[in-house]
Amino acid sequence: MSGAKITRRQLRANRRDGRHGCWDHLVIAPLWVAYDANLGTLLRTCDAVGACLAVPRSPHYRNALAVGDTLRRRRPCIHWVATGKTRWIDTRRDAGKRIVAVELAEGATPLPRLTPASGPSVLLLGHEHNGIPDDVLAGVDECIEIPMVGYGASLNVAVAGSLVAYRLAGLS
């Protein structure tokens, strides 16, 4: 029967057991996020698409994850960024990872044209008001723009990051 509801137990039985380890294929890095609620949403997106989350090792981020973590003990891999944000990005680039940013920028790739990640990638997400710093944006491999027809200029960072993460993971 098409469209029939299934129980949560049935749904979980069809998914992987437990949490995933560090696959290091897709890392979602909301390095400049201001609002705590966005981190919990991004953590759930990482779980859903098999990605890791990378966040600064600061009280703001630790507290935000503690409050927003509805997965509890089954959370996905978290990479704690202990060095400077720019230095962390540079080390990922030097390791051969593709650096992708979600930002309103000249020449950005529209989301519908984004292809799934064929190799290890880092998805950078910026501050809800200020975006990604210009000096960081200048060094990314690809910038992604989410087309919108409404009045607003941008989406909340968790929604934008989730849309792009699903595309990069090849799930949409």
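Need at least 3 residues that are out of contact with any Lys or Arg (no Cβ under 8 Å at 6 or more places or on another chain), at pLDDT 90 or above and within 19 Å of Gly131 (Cβ to Cβ) per element, so show me which strands (runs of 3 or more DSSP E) inside the range 48-107 make the cut, counting only ones lying wholly within it. Break it down stepwise before answering.
Working: elements: 52-56, 78-81, 98-102.
Because the criterion is at least 3 residues that are out of contact with any Lys or Arg (no Cβ under 8 Å at 6 or more places or on another chain), at pLDDT 90 or above and within 19 Å of Gly131 (Cβ to Cβ), the strands (runs of 3 or more DSSP E) in the range 48-107 that meet it are 98-102.
Of the conditions (1) surrounded by 15 or more Cβ atoms within 10 Å (Cβ to Cβ); (2) among the hydroxyl-bearing types (Ser, Thr, Tyr); (3) more than 20 Å from Trp23 (Cα to Cα), Thr109 satisfies every one except a single condition; which number is it?
Unmet for Thr109, out of (1) surrounded by 15 or more Cβ atoms within 10 Å (Cβ to Cβ); (2) among the hydroxyl-bearing types (Ser, Thr, Tyr); (3) more than 20 Å from Trp23 (Cα to Cα): (1).
Among (1) closer than 18 Å to Tyr35 by Cβ; (2) touching a residue at least 40 places away in the same chain (Cβ under 8 Å); (3) buried (at least 18 other Cβ atoms within 10 Å of the Cβ), where does Asn156 come up short?
The number of the failed condition is (3).
List the residue pairs whose Cβ atoms are under 9 Å apart, where the first residue sits in the range 106-131 and is among the hydroxyl-bearing types (Ser, Thr, Tyr), the second is crowded, with 20+ Cβ neighbours inside 10 Å and assigned to a loop (DSSP other than H, G, I, E, B), and the two are 6 or more positions apart or on different chains.
If the second residue must be crowded, with 20+ Cβ neighbours inside 10 Å and assigned to a loop (DSSP other than H, G, I, E, B), the pairs left are Ser121/Lys97.
State all residues of the range 148-172 that are assigned to a loop (DSSP other than H, G, I, E, B) and closer than 17 Å to Thr41 by Cβ; if no residue qualifies, say none.
Ser154, Leu155, Asn156, Ala169, Leu171, Ser172
Look through the range 75-89, keep the residues that are touching a residue at least 12 places away in the same chain (Cβ under 8 Å) and open to solvent by 40 Å² or more (accessible area, probe 1.4 Å), and return whichever of them is farthest from Gly139 (Cα to Cα).
In this case the residue turns out to be Arg75.
Would you pick out the residues in the range 113-145 that are farther than 20 Å from Ala51 by Cα and either modelled with pLDDT of 90 or more or not in a loop (DSSP other than H, G, I, E, B) (or both)? Walk me through how you get there before you give the answer.
First pass over the range 113-145, keeping only residues farther than 20 Å from Ala51 by Cα: 113, 127-139, 145.
Listed by number, the residues that qualify are Arg113, His127, Gly131, Ile132, Pro133, Asp134, Asp135, Val136, Leu137, Ala138, Gly139, Glu145.
The values are calculated or read from the model by the stated rules, or taken from the named source; none is laboratory data. Note that the coordinates shown come from a computational prediction; the quantities given were computed from them, not determined experimentally. When we count neighbours, we look across all protein chains shown, and the Cβ atoms used for this are built from the backbone with ideal geometry, even at glycine. What goes into the accessible areas is simple: the full protein's heavy atoms, side chains included, and nothing from ligands, DNA or RNA. Shrake-Rupley method; radii C 1.70, N 1.55, O 1.52, S 1.80 Å.
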